[in-house]
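Below is one structure; the comments refer to it alone.
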Amino acid sequence: MTAATAAKLMSYDDVIGRFDPVLGMEVHVELGTATKMFCGCPTAFGAAPNTQVCPVCLALPGALPVVNNKAVEMAVRIGLALNCAITPWGRFARKNYFYPDQPKNYQISQYDEPIATEGYLDVVLDDGETFRVEIERAHMEEDTGKLTHVGGETGRIHGASHSLIDYNRAGVPLVEIVTKPIVGAGERAPEVARAYVTALRDLLKALEVSDVRMDQGSLRCDANVSLMDKGAAEFGTRTETKNVNSLKSVEVAVRYEMRRQGAVLAGGGEVTQETRHFQEADGSTRQGRRKETAEDYRYFPEPDLQPVAPDAAWVEELRATLPEMPWLRRARIQEQWGLSAEEMRDLVNAGALDLIAATADAGAPADAARSWWVSYLSQQANARSVELAELPIAPAQVAEVIGLVADGKLTNKLARQVVDGVLAGEGGPAQVMADRGLEVVRDDDALQKAVDEALAANPDIVEKIKGGKVKAAGKIVGDVMKATRGQADPARVQELVLAACA
């Protein structure tokens with residue numbers, strides 16, 4: 001029996017009729033720095049276990065941390081983009097807790113003096129309504145290592161025979177973004193949660209501070225959920241669903257917790273303050289551990305690091321580097337391209353918008369760029385079971401192919417073969433076209449010879465064309481295209497066929 005069927009759940013309509021939901025979102029983003037937060041070890045994802053470590057991130061005696069300036073810069077830019085105030089004087093702190101995947105057995109974080117405070121993010125819901133999510137803080141810290149539990153059925157420690165530790169991730173720079181309590185969302189609370197994480201992901205990607213890959217853990221979301229009776233003044237007891245790793249799962253997890261907590265409260269029980277683990281298989285949450293309070297972590301200032309004091313002039317210089325906000329950019333593109341709200345939504349959901357825009361920026365007409373990415377290239381991504389952006393072809397290369405078609409050097413059919421070659425790693429479009437001999441044949445003598453041969457082989461078709469049945473020329477054009485391996489210009493072939501039959 002699954003956790004979803006084992007737990008008592010209240011209908012969602014009953015939850016909304018009886019309770020007001022309160023959310024709190026905690027999002028951890030791994031920064032895209034070349035080295036870790038307090039040492040010079042690389043941060044590349046996927047390296048062999050325990051190969052990206054040193055005395056500092058392994059907490060060997062006598063090794064001292066040094067702050068990564070690039071990480072501080074990225075954190076400030078994140079704070080500015082979230083409309084936060086940047087703290088002029090802040091410190092790191094030690095967060096004490098039993099961390100089996102953190103060699104120091106404490107985490108260097110920020111507590112009462114975070115880098116950024118008091119901001120907001122306006123998110124657009126599915127129907128176009130804007131909902132403001134207030135940001136309490138964004139603070140810098142270091143990531144933990146990665147535990148792999150072996151021998152159990154769920155991949156978690158329960159039932160495992162032993163655990164393996166990879167310290168490559170220990171010390172990777174993190175910024176944790178914490179919202180204030182999100183109230184007033186009502187029945188749209190799960191949608192607001194998803195829309196917030198989606199907007200935050202898009203913003204972080206636009207800032208180029210992270211690759212925001214939820215599947216690789218570079219963006220991780222903890223969703224806090226509580227319910228309070230209608231008209232109550234105090235919030236209910238919250239649970240924290242940890243490390244939800246997809247946008248859709250954020251919405252599903254929040255909805256499930258609302259229904260589960262509703263059933264507990266309606267039955268006269270009390271919600272336990274605890275962490276919970278989201279179950280991808282059935283959309284349920286499972287009990288984790290009792291949730292600690294800040295006092296349990298025994299924060300105290302990190303004695304080995306100097307305070308962080310961003311210069312005001314430097315902060316303003318960073319403010320000037322902020323890109324166009326993603327939602328403003330989408331609105332501008334939608335107007336320029338003449339797209340409906342539904343068309344724009346589909347492009348965003350398919351992960352195609354940025355690729356199309358980059359292709360257009362590289363010189364291709366927007367319509368042609370859109371056609372390539374949402375049709376043929378989407379088919380190739382689906383065939384490879386990868387995201388569109390993971391295809392091994394750059395927007396500039398797609399623009400080059402589109403240009404070759406526009407110049408008459410490639411037909412659409414030949415262009416797809418060129419793209420196939422690029423995807424296969426055979427080089428750029430020009431190289432693939434040359435190596436495969438795919439350029440359109442423009443030699444009229446060669447084309448005339450192929451046309452004459454096709455006409456000679458189809459005397460009945462010739463008579464039909466001479467009799468005024470112009471559409472019959474399609475058979476001859478097809479034969480010529482086949483004879484030239486698709487490299488002839490079909491329009492020119494048509495002209496030669498009709499001229500020969502005149």
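The values are calculated or read from the model by the stated rules, or taken from the named source; none is laboratory data. All values derive from a computational prediction rather than experimental measurement. Neighbour counts are summed over all protein chains in view; Cβ atoms, including those assigned to glycine, are modelled from backbone coordinates with ideal geometry. When the accessible area is computed, the model is the full protein with side chains, heavy atoms only, and any ligands, DNA or RNA have been set aside. Shrake-Rupley method; radii C 1.70, N 1.55, O 1.52, S 1.80 Å.
Points worth noting:
- Kirkwood-Stokes translational diffusion coefficient of the chain, alpha-carbon pairs, 37 °C, 0.692 mPa s, µm²/s: 123 µm²/s
- Distance from the C-alpha centroid of the range 45-90 to that of the range 228-260: 30 Å, rounded to the whole angstrom.
- The chain, helix-only ellipticity at 222 nm - DSSP H runs n ≥ 4, -39,500 (n - 2.57), divided by all residues, nearest 500: -11500 deg cm²/dmol
- Per residue solvent-accessible surface (Å²) - the chain, probe of 1.4 Å: 48 Å²
- When both bridge partners sit in the range 236-366, DSSP labels roughly 55% of those beta bridges antiparallel.
- Residue (of ALA195, SER163, TYR120) at the positive-pole extreme of the range 116-196, dipole from beta-carbon charges: SER163
- Across the range 358-368, computed HN-Hα scalar couplings (Karplus, 6.51 cos²θ - 1.76 cosθ + 1.60, θ = phi - 60°) run 5, 5, 5, 5, 7, x, 8, x, 4, 4, 5 Hz from first to last residue, x flagging Gly and Pro.
- Surface composition of the chain: carbon plus sulfur atoms hold 50% of the accessible area, using a 1.4 angstrom probe and ignoring ligands, DNA and RNA.
- Estimated FRET transfer efficiency (LEU125, ALA309; beta-carbon r; R0 51 Å; 0.05): 0.85
- Here the alpha carbons of the range 204-316 define both size measures, Rg and Dmax, at 18.6, 57 Å.
- Share, in percent, of DSSP beta bridges within the chain that are antiparallel, nearest 5: 90 percent
- Note on VAL470 and ALA434: with the Förster distance fixed at 35 Å, the Cβ-Cβ geometry gives a FRET efficiency of about 0.45.
- Size of the range 260-409 from its Cα atoms: along the principal axes, largest to smallest, the extents are 71, 51, 30 Å.
- Projected-area average for the range 47-119 over all orientations - Cα convex hull basis, square nanometres: 6.5 nm²
- Label-to-label distance, nm, for residues given as HIS162 and ARG384 (7 Å Cα→Cβ offset): 3.8 nm
- Assigned charges on the beta-carbon of Lys, Arg, Asp, Glu; the chain dipole about Cα centre (debye): 920 debye
- Kirkwood Rh in Å, taken over the range 337-411 so that all alpha-carbon pairs contribute: 12.5 Å
- Sorting the segments 346-353, 250-257, 325-332 by their residues' average number of neighbouring beta-carbon atoms within 10 angstrom, most packed first, yields 250-257, 346-353, 325-332.
- Stretchable slack from LEU60 to ARG289, in nm (0.36 nm times residue separation minus alpha-carbon distance): 79.5 nm
- Rg to Rh, two decimals, where the range 12-84 supplies the alpha carbon set and Rh follows Kirkwood: 1.23
- Rg to Rh quotient for the range 99-157, alpha carbon positions, Kirkwood Rh: 1.20
- Positive-pole candidate from ILE402, THR359, GLN279, dipole of the range 260-413, charges at beta carbon: GLN279
- Inter-label distance, nm, simple model (7 Å from Cα along the C-beta direction), GLU316/ALA7: 5.1 nm
- In Hz, Karplus ³J(HN,Hα) per residue of the range 51-67 (6.51, -1.76, 1.60; θ = phi - 60°; x = Gly, Pro): 10, 10, 9, 8, x, 6, 6, 9, 6, 6, x, x, 7, 10, x, 9, 5
- Length released on extending from ALA456 to ALA233, taking residue separation times 0.36 nm less the Cα-Cα span: 71.2 nm
- Distance in nm between pseudo-label sites at GLU134 and GLU208 (7 Å out along the Cβ direction from Cα): 3.5 nm
- Here the dipole of the range 192-336 is about 720 debye; that uses its Cα centre as origin and unit charges on the Cβ of Lys and Arg (positive) and Asp and Glu (negative).
- Cα-based Rg and Dmax for the range 153-247, where Dmax is the largest Cα-Cα distance (Å): 16.8, 49
- Cα gyration tensor, the range 8-132 - rounded (a/c under 1.5), prolate or oblate: prolate
- Mean projection of the Cα convex hull over all viewing directions, computed for the range 203-247: 4.6 nm².
- Phi angles of the range 137-150 translate, via the Karplus equation with coefficients 6.51, -1.76, 1.60 and θ = phi - 60°, into HN-Hα couplings of 6, 9, 10, 8, 6, 10, 7, 8, x, 10, 9, 10, 8, 10 Hz per residue; Gly and Pro are given as x.
- Here the calculated FRET efficiency for ASP112 and LYS413, from their Cβ-Cβ distance with R0 = 60 Å, stands at 0.40, rounded to the nearest 0.05.
- Cα-based Rg and Dmax for the range 63-175, where Dmax is the largest Cα-Cα distance (Å): 18.1, 54
- Under 5 Å, built H, 5+ apart or other chain: amide partners of ARG286: HIS277, PHE278, GLN279
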